[in-house]
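The values are calculated or read from the model by the stated rules, or taken from the named source; none is laboratory data. Predicted model only: the values in this text are computed from it and were never measured. Note: ideal-geometry Cβ built from the backbone for every residue, glycine included; neighbour counts use all protein chains shown. These area figures cover heavy atoms from the full protein model, side chains too; ligands, DNA and RNA do not enter into them. Shrake-Rupley method; radii C 1.70, N 1.55, O 1.52, S 1.80 Å.
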Amino acid sequence: MESKTYAVIGTGAIGGYYGARLHHGGFDVHFLLNSDYQQVRQQGLKVDSHFGDFSIAADRINAYNVTNEMPKADVVLVALKTTQNDLLEALIRPLLKSDTLVLLLQNGIGAEQALNNQLELEYTAGGLCFICSNKVGPGHIHHIDYGRLTLGVYGESGISALTSVADDFKHCGVEVDIEHSILDARWKKLLWNVPFNGLSAVLDADTAQIMACRETVALAKAIMLEVGLVAKATGSSIDPNLIETMLNNTAKMKPYMTSMLLDRRNGREMELQYMYSNVLDMAREHGVEMRKTEALYQQLCFLNRQIAK
């Protein structure tokens, strides 16, 4: 197994979980923190998981509050919300070597292309996290269910580097699929994220509550069908059976509060650009109507403005 140095930018529900998995798999992992920095330096990182405890003691964790003090990395895992993507160029540049792979563990579509251009990289990777995980306190993560990653690359020359990272995750017990096109992978995740993140925030409801109502299930399915039409128009093919599979899996999983619902309840800006605005722009560009998705987006914009007041 090749030994790599990993940098985790954003040690929350996603970055903290996958970073801890890599740490326990024997990799050299360095974590960037913001508000949790002092807590983690003193108490370590606690991850409660139904797969087992992936905590890291205070004397074992490499914790930082600025990237300038972190070592250059073979792989940079970005787990910040897309609302903070304007910070990425300045955060990542100090970590780059000539062959560093930047892997965005984020929702939405379009971020890989934008960052690739900003940093003038040969390729940039993206990861879709099929996981139920929440940060429940400073340096404390509760992993509820799932954990599979789907990885893809923007720039064909990066597939070898991406495959190597996938092998690292597998070594650490994480299930990983590889899509040669990150855009195909992102459309499949958007198929779930667009309806369930948005509806959960607008309705102030978890997934179990949404799935318990016949009308909201029908609305979620209608939005999924709209997302599928845009994906097809942009050249990404989605298996029609995937919608029913996702709905069935959502009905079976433990009640889950989506990241957007948690953002609303905690007064944080919700991720609308990459998950909704970019999708609607692509729909208009390709002549696809997304009436239900657009109505959902308009309601989310209203909520975001209330949060900003």
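In whole Hz and in residue order, list the ³J(HN,Hα) couplings for the stretch 200-206 that follow from phi through the Karplus curve 6.51 cos²θ - 1.76 cosθ + 1.60, θ = phi - 60°; x for Gly and Pro.
Computed from phi, the couplings for the stretch 200-206 are 5, 6, 5, 8, 6, 9, 7 Hz.
Residue 178's amide H: which non-local residues (gap 5+, or another chain) put their own amide H closer than 5 Å, with H modeled 1.01 Å from N in plane and none for Pro or chain starts?
Long-range HN contacts for residue 178: 151.
Give, as ranges by residue number, the residues of the stretch 163-201 whose backbone N falls under 12 Å from the point 7 Å along Cα→Cβ of residue 4.
163-172
Roll a 1.4 Å probe over the protein heavy atoms and report the accessible area of residue 225 in Å², nearest 10.
My reading of the accessible area for residue 225 is about 90 Å².
Restricting things to Cα coordinates, could you compute the convex hull volume per residue of the stretch 114-178 in Å³? Please list the in-between numbers first.
Values: hull volume 7.3 nm³, N = 65.
So the per-residue hull volume is 112 Å³.
When a/c reaches 1.5 or more, the comparison of a/b and b/c decides; with that in mind, is the stretch 242-290 rounded, prolate or oblate per its Cα gyration tensor?
Details: a/c = 4.53, a/b = 1.21, b/c = 3.73.
Verdict is oblate for the stretch 242-290.
With everything on Cα atoms, drop me the angle between helix 159-171 and the longest principal axis of the chain, reported from 0 to 90° to the nearest 10.
On a 0 to 90 degree scale, this one is about 80.
Where does helix 214-233 land angle-wise versus the long Cα axis of the chain, in degrees 0 to 90, nearest 10?
70 degrees
Report, largest value first, the span of the C-alpha coordinates of the stretch 37-186 along each principal axis, in whole Å.
40, 33, 28
Run the quick spin-label model on residue 120 and residue 164: label points 7 Å from Cα toward the beta carbon, then report their separation in nm to one decimal.
The two pseudo-label positions are separated by 2.3 nm.
Roughly speaking, what is the centre-to-centre gap between the stretch 67-134 and the stretch 1-63 when only Cα atoms are used, to the nearest Å?
Answer, in whole Å: 17.
To test your reading of the geometry: what angle, between 0 and 90 degrees and rounded to tens, separates the Cα axis of helix 15-24 from the longest principal axis of the chain?
The angle comes out at about 40 degrees.
Can you give me the Kirkwood hydrodynamic radius for the chain, using every pair of distinct Cα atoms, in Å to one decimal? Mind showing how you got there, number by number?
Working: mean 1/r = 0.0507 Å⁻¹.
Computed over Cα pairs of the chain, the Kirkwood hydrodynamic radius comes out at 19.7 Å.
Taking all pairs of distinct Cα atoms, average 1/r, flip it, and tell me the Kirkwood hydrodynamic radius of the stretch 185-254 in Å to one decimal place. Write out the running numbers ahead of the final one.
Numbers: mean 1/r = 0.0821 Å⁻¹.
For the stretch 185-254, inverting the mean 1/r across all distinct Cα pairs yields 12.2 Å.
State to the nearest 20 debye the size of the charge dipole of the stretch 152-205 about its Cα centre, where the only charges are +1 on K and R beta carbons and -1 on D and E beta carbons.
Numbers: 4 positive and 8 negative charges, 31 e Å.
Roughly 140 debye, rounded to the nearest 20.
For the pair residue 87/residue 289, report the inter-label distance in nm, with labels modelled 7 Å from Cα in the Cβ direction.
Between residue 87 and residue 289, the simple spin-label model gives 4.2 nm.
Which shape class, rounded, prolate or oblate, goes with the stretch 15-80 when its Cα gyration tensor gives a ≥ b ≥ c as root eigenvalues, a/c under 1.5 marks rounded, and past that a/b bigger than b/c marks prolate? Don't jump to the answer; show the numbers that get you there.
Details: a/c = 1.68, a/b = 1.23, b/c = 1.36.
Here the stretch 15-80 falls in the oblate category.
With Kirkwood's inverse mean 1/r over C-alpha pairs for Rh, give me the Rg to Rh ratio of the stretch 145-226, two decimals please.
Working: Rg = 16.3 Å, Rh = 14.7 Å.
Computed over Cα atoms, the ratio is 1.11.
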